[in-house]
Amino acid sequence: MSNTGGYRGKVGLTIGESEPWWPEAVKAPDGAPNILLVLYDDVGFSDFGCYGSPIRTPTIDRIAAEGLTYTGFHTTAMCSTTRAALLTGRNHHSVGVGSLANFDSGFPGYRGKIAKEAGTIAEMLRESGYRNYMLGKWHVTPLTETGATGPFDGWPLGRGFDRFYGFMDAETDQYAPELVRDNSHIDPPGTFETGYHLTADLVDQAIGFLAGHIAERPDTPWFTMLSFGACHAPHQAPFDLVRSYDALFEGGWDKERAERLARQIERGIVPEGTELPPRNDMVRPWEAHSDDERRFFTRLQSAYAAMLDHSDQHLARLIGFLETAGVRDDTLVIVMSDNGASQEGGPMGFVNAMGPYNGRKEVFAEKLARIDDIGGPDTHSNFPWGWAMAANTPCKRYKQNTHGGGIRDPFVISWPNGIAARGELRHQFAHACDLAPTLLDVLGIEAPSSIRGVEQMPVEGVSFAASLTDADAPSKSGGQHFEMFGHRGIWLDGWKAVAFHPPGTPFDEDQWELYHLDEDFSECRDLAAEQPERLKSLLDEWWCKAEQYHVLPLDDRFAPRFAENAERHEGNRTRFVFHKGMGHLPTEVCPDVRGRSYDITAEIAVGEGPAEGIMLAHGDMTSGYALYLQDGHAVHVANIGGEKCEVRSAGPVPAGDVSITLKARFTDPGTSYELLVNGEASGSGAMPHSFGPFVSWSGLDLEHDRSSPVGNYAAPFSFTQILKKVTVDLHPRGKALDGEAIGNAEMARQ
């Protein structure tokens, strides 16, 4: 570990194997700063105002003005993988998160969970006396391990954090989130109607954690990681804020790219002479679209911009709290993004992507008719490729890809008492796995060789702490490799080799490109043909690193891996019994009703008073199913992308013990529904769609529907009678899971 001078908190403390791990037994280094890491989701290189965007981000811009703006910071192209690298200081394949936390391929680099041999920065800092708080998105635990029984060893509290408030999955509805406090699922504390938004809630909770910390342990430093849902889909923000951006973006993505590049050149973010690459594949010129299409695309971009603006406003509250509490000058603040802007919105974008994921087309007339719903609670919107391309200006491609658009991201850092520079740029190459060793270097702490009795693997990242005080400090030596879904890349000494991998094609046929990034920031001048020996040398180095860091075997079986993981988790289980009192079930551990017939039977006791309310509900306003009583009648609703099929019993349910059964029969591509009360047929219906690749990102509850209703009722619609139990019986799958469709739906959630 290299040590560089000039830091107030540099004390050179080393924690050995014999030291107790619990922080009560360890005092933090004198002068150690607090650390606030703010991690954005799917925000492109140019989206912060200080990187050339017109989106209003004054809080982030102020942090940059009070510290440093990095132009060469790189991530891993996806969310789980970047988090694994950030948290551990190792390459993401090395710690078992080569791809997503959504599946386990069995190979060491692709387990979907951070290895215990790779301690997190929270675990390392805890050994040096820090208290650690995590808020927001986690997504480095297999989703099949996120239910009420865990196991909890991969949850935040199992990986060094003292408190957690956030969500475990890749995304969540901002008005009706899948919330976890510490190790327990909880209902959101508000609704859209009461003004609730997850971003505000996360900041409220962060302030609460830190206020409590300062009250109890004012001399103990803390590490807080605030991982916003913004700006991952669904893009949800206050309507007035969304519409305030329409005029700003009505000129379109071509104009926006050019203007952002001009600002970047003027500010020194990119070198003079940096070119805009051609539009990404299949992105049409703005002027080639109709007036209605441009109006619709503008509104989708406005929702994205408003979500970022909205989060910046709430980040201002957190920074303001640090100032009021008198700890801002002693707090090292980092703001960054986990990967480039997302391509999952496709060429036209979505108002509610849940329908298309299940084969229900969202035709343009429907999109346009719902333009004023964008940003609201019954939408799952995402912007089209053209706007994602603009977000990544001046880089090529998107999230998932190893070209600049997927892996080159904004990164600003400020520490008033530790970094003297104000408003300066840093152009060194750095990678997500370099952040943890940089923080340790700043503190003068060596990574522990053992954590809780587990011998630790070496830290693989390289500290860039020298650049905090020296603008001319060198970039990391040894190079940096990249791989995501078969897309590959390697950086070494200012040169980059990169290959886009079309899924399903032989890896040997990938077309490698060669760029001198020191002179070609935007990867516009491919030098592969001119310098074949340099390219070969870089490829040889890539293969060496791939073997060393568990990248191999290369696996682009994108679709099968999703389907296999689902089948493996389900096994032979066909019956689920839910008793009264059961807590919330996240969707990955719910009965898998996709592509099959199934029965839902609720056993209830009906007495006096209104007979209504939820018996079982899985999903939210955008997609799902529910069985409930309404006006005394038994009702089942299936909701696919907002299109609903409601089946209501012919008459009210009788008093006494009652059995209500819903029989769903998969007819490919549709589903028929029959409702039975005490074994007697009482209603039927059908819809032309079914739950194919996906049900919902929202989970399952008994006796209430949390805050985003699946059907035509007002949440929570609590059950007014006595629910004994609900049984779900799964029939043999009528159609093999469509891995490609599952993959597309899952990727939109990453």
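Observations, loosely collected:
- Counting the residues of the stretch 635-658 that are surrounded by fewer than 18 Cβ atoms within 10 Å (Cβ to Cβ) and not in a strand (DSSP E or B) gives 2.
- Residues of the stretch 260-278 satisfying the condition of being touching a residue at least 60 places away in the same chain (Cβ under 8 Å), open to solvent by 40 Å² or more (accessible area, probe 1.4 Å) and either of a type outside the set (A, V, I, L, M, F, W, C) or farther than 20 Å from ARG525 by Cα (or both): ARG263, ARG267, PRO271, GLU275
- Filtering the stretch 24-41 to residues that are hydrophobic (A, V, I, L, M, F, W, C), assigned to a loop (DSSP other than H, G, I, E, B) and at pLDDT below 85 leaves VAL26, ALA28.
- In the stretch 659-703, residue surrounded by the most Cβ atoms within 10 Å (Cβ to Cβ) [restricted to those that are hydroxyl-bearing (Ser, Thr, Tyr), farther than 18 Å from GLY595 by Cβ and touching a residue at least 40 places away in the same chain (Cβ under 8 Å)]: SER698
- For ALA84: the one exception among (1) surrounded by 22 or more Cβ atoms within 10 Å (Cβ to Cβ); (2) assigned to a loop (DSSP other than H, G, I, E, B): (2)
- Summed over the stretch 364-381, residues that are more than 10 Å from VAL242 (Cβ to Cβ) and either more than 26 Å from the chain's Cα centre (by Cα) or aliphatic (A, V, I, L, M) (or both) total 6.
- Selected residue (criterion: nearest to GLN428 (Cα to Cα)) from residues of the stretch 246-278 that are outside any helix (DSSP H, G or I) and among the small types (Gly, Ala, Ser): GLY268
- Inspection of the stretch 408-427 finds no residue satisfying the criterion of being part of a helix (DSSP H, G or I) and at pLDDT 95 or above.
- For ARG217, the test of being open to solvent by 40 Å² or more (accessible area, probe 1.4 Å) and either of a type in the set (Ser, Thr, Tyr) or in contact with a strand residue (DSSP E or B) (Cβ under 7 Å, 6 or more places away or on another chain) (or both) is passed.
- Looking only at the stretch 547-587, and only at residues there that are over 30 Å from MET615 (Cα atoms) and among the charged types (D, E, K, R), the one that is modelled with the lowest pLDDT: ARG561
- From the list GLY49, GLY67, GLY98, GLY89, the one residue that fits, being on the phi > 0 side of the Ramachandran plot, open to solvent by less than 20 Å² (accessible area, probe 1.4 Å) and at pLDDT 95 or above, is GLY89.
- Among the candidates ALA529, ALA499, residue that is open to solvent by 50 Å² or more (accessible area, probe 1.4 Å) and hydrophobic (A, V, I, L, M, F, W, C): ALA529
- The stretch 136-148, residues that are crowded, with 24+ Cβ neighbours inside 10 Å and in contact with a helix residue (DSSP H, G or I) (Cβ under 8 Å, 6 or more places away or on another chain): GLY136, LYS137, TRP138, HIS139, VAL140, THR146
- Hits in the stretch 595-609 (condition: open to solvent by 30 Å² or more (accessible area, probe 1.4 Å) and modelled with pLDDT under 95): GLU608, GLY609
- Within the stretch 629-669, the set of residues being touching a Leu at 6+ places or on another chain (Cβ under 9 Å), of a type outside the set (Ser, Thr, Tyr) and under 28 Å from PHE694 (Cα atoms) comprises ALA634, VAL635, HIS636, VAL637, VAL647, ARG648, ILE660, LEU662, LYS663.
- Subset of the stretch 442-491 that is charged (D, E, K, R) and under 19 Å from GLU424 (Cβ atoms) - its residue that is surrounded by the most Cβ atoms within 10 Å (Cβ to Cβ): ASP470
- Selection count where residues are more than 29 Å from VAL459 (Cβ to Cβ), in contact with a strand residue (DSSP E or B) (Cβ under 7 Å, 6 or more places away or on another chain) and outside any helix (DSSP H, G or I), scope the stretch 526-560: 4
- Selection count, the stretch 322-366, where residues are assigned to a helix (DSSP H, G or I), modelled with pLDDT of 95 or more and surrounded by 18 or more Cβ atoms within 10 Å (Cβ to Cβ): 3
- Segments classed as strands (runs of 3 or more DSSP E), wholly inside the stretch 466-507, with at least 1 members that are more than 28 Å from the chain's Cα centre (by Cα): 487-492, 495-500
- Filtering the stretch 167-206 to residues that are surrounded by 18 or more Cβ atoms within 10 Å (Cβ to Cβ) and either small (Gly, Ala, Ser) or assigned to a helix (DSSP H, G or I) (or both) leaves ALA170, ALA176, LEU198, THR199, ASP201, LEU202, VAL203, GLN205, ALA206.
- Meets criteria (more than 29 Å from GLY423 (Cβ to Cβ), in a helix (DSSP H, G or I), of a type outside the set (A, V, I, L, M, F, W, C) and free of Cβ contacts under 8 Å to residues at least 24 places away in the same chain) for ASP281: no
- HIS618 satisfies every condition listed in (1) in contact with a helix residue (DSSP H, G or I) (Cβ under 9 Å, 6 or more places away or on another chain); (2) within 29 Å of PHE485 (Cβ to Cβ); (3) of a type outside the set (Lys, Arg) except (2).
- Taking the numbered list (1) open to solvent by less than 40 Å² (accessible area, probe 1.4 Å); (2) out of contact with any helix residue (DSSP H, G or I) (no Cβ under 8 Å at 6 or more places or on another chain) in turn, LYS536 passes all entries but (1).
The values are calculated or read from the model by the stated rules, or taken from the named source; none is laboratory data. This structure is a prediction, so every number in the text was calculated from the model and none was measured. Positions of Cβ are generated from backbone atoms using ideal geometry, with glycine treated the same way; all protein chains shown enter the neighbour counts. To get the accessible areas, we keep the full protein, side chains included, count just its heavy atoms, and leave off ligands, DNA and RNA. Shrake-Rupley method; radii C 1.70, N 1.55, O 1.52, S 1.80 Å.
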